[in-house]
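Below: the structure, in structure tokens.
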Amino acid sequence: MTYRKPRLLILLAVICTIFGFGAGPLRQSTRAQDILDSMSPAERVGQLFIVAFDGDAIDKSDPIYDLITQRYISGVLLSSAHNNFSNGPNTLTNLLALSSSLQVAKYEASLTSTLPGDEEQDTPLLQSYVPLFIGLEYEGGQHGTKEILNGISPLASNMAIGATWDKELAYLSGELLGSELEALGINLLLGPSLDVLEDPQITGSGDLGVRTFGGDPYWVSVMGSSFITGLKSGSAGRIAIVASHFPGLGGSDRPIQEEVATVRKSREELELFDLAPFFAVTAESEDGSGIQVDGLLTSHIRYQGFQGNIRATTRPISLDPQAFNLVMSLEPLAEWRLRGGISVSDSLGSRAIRLFRDPSGQSFNAHLVARDAFLAGNDLLYLENFRDSNDPDEYTT
């Protein structure tokens, strides 16, 4: 039996790759193991989380500063919704300053901070230095990325790119976006969407609209793969690409952040339709150069008929170990996972998850949600609006 490496070691290997620690996959793997061996238990736990925070600057009194320097989180996801940047004349300058200050905070802490409980040792242990993931969500809609409108080169929507049937255009679009985001200090991108638009619902609130490359699994695979290859080329491999929304939202009829949707399909139907683009970007590339995507964003969606019984409905696949492992056992996903592919949960504080756990919306046991997401198989947990109903704020949770 072939065993997958520990998930934290895989995460560290991805970081070593995008930051160029070591030369070649073997050296990067060795470097990742060296970092893991030097970590305290608290550091290892912290590396399993990326978080959202409010504000466009940080100082030592901010909760996010403590989460970075003393709680050892793996990274942050920036968004205009959290006022990490506003779309004005200085948007790009301010964004670069913010991403730089976040990385500086992490680096300086590794030089000066000792680990808890080490004060009495003759030779105090310093934190292990692991650069932060600094991420954005790539929406792929009318404005390309909804998060930054000023200063970034305008891109056509995914649907418009897909309608050209020109994979070179998809590649060039990804290349341009990758080069510009990398220059701003972004090293993690949630996107692009590889969802196959099965049944357009123009008036429906859950419609994917122009955020998808199309309604044909083959062409979504071709255009999505080319766009991702362009992203990798434009960023010189320094952005980790996490494609969404695995295992596919094409059959969803409602906004996934608002309510957990149910897709009624057998496993065979999913393999032929929804999963086809994800198979394409996790299979070894034609030139043998390696994995196309670094990760997949696991969506909060459940399936009916997926396990052979039309009456059986899974929990959201992001929280369901049996359903998650069944999907991940399919090839080429199984081999991709063994070779270092990571799974990132969608926002665990979303309204959809809150209502799924408690339809009244009155209580939210955050630690149980995080536990279930981790046990389901997610390697990296995204915490946004993640406040337990018994805690005064997100930082406490």
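Odds and ends about this structure:
- Cα-projected label distance for Ser61 with Leu96, points at 7 Å along beta-carbon direction, nm: 3.0 nm
- Close amide-amide hydrogen proximity is noted between Val51 and Gly75, Val76, Leu77, Leu383, each under 5 Å apart and 5 or more residues distant or on a separate chain (H modeled in the peptide plane; Pro and chain starts excluded).
- In order along segment 38-53, the phi-based Karplus estimate (6.51 cos²θ - 1.76 cosθ + 1.60, θ = phi - 60°) of 3J(HN,Hα) comes to 8, 7, 7, x, 5, 5, 5, 5, x, 5, 8, 10, 10, 10, 9, 8 Hz; Gly and Pro are listed as x.
- Arranged from fewest to most other beta-carbon atoms within 10 Å of their beta carbon, Trp336, Trp165, Trp219 become Trp165, Trp219, Trp336.
- ³J(HN,Hα), Karplus 6.51/-1.76/1.60, whole Hz, each residue of segment 174-186, x for Gly, Pro: x, 4, 5, 5, x, 5, 6, 5, 4, 5, 8, x, 7
- Under a 5 Å amide H cut-off, with hydrogens placed 1.01 Å from N, Gly349 pairs with Glu384 among residues at least 5 apart or on other chains.
- Local electrostatic count, Ile228, Cβ distance below 12 Å [Lys/Arg +1, Asp/Glu -1]: 0
- Less than 5 angstrom separates the built amide H of Asn378 from none of the residues sequence-distant by 5 or more or on a different chain.
- Taking Lys and Arg as +1 and Asp and Glu as -1, the other residues whose beta-carbon sits under 15 Å from that of Glu182 total -1.
- Treating r as the C-beta distance of Thr112 and Glu168 and R0 as 51 Å, the FRET efficiency rounds to 0.55.
- Karplus-derived HN-Hα couplings along segment 224-241 (A = 6.51, B = -1.76, C = 1.60, θ = phi - 60°), whole Hz, x at Gly and Pro: x, 4, 5, 4, 5, 4, x, 4, 5, 5, x, 8, 6, x, 9, 10, 7, 9
- In plain terms, the residue of Arg351, Arg315 with the fewest other Cβ atoms within 10 Å comes first and the most crowded comes last, giving Arg351, Arg315.
Values quoted throughout were computed directly from the atomic coordinates according to the rules given, and no laboratory measurement underlies them. Note that the coordinates shown come from a computational prediction; the quantities given were computed from them, not determined experimentally. Here Cβ is always computed from backbone atoms with ideal geometry, including for glycine, and neighbour counts include all displayed protein chains.
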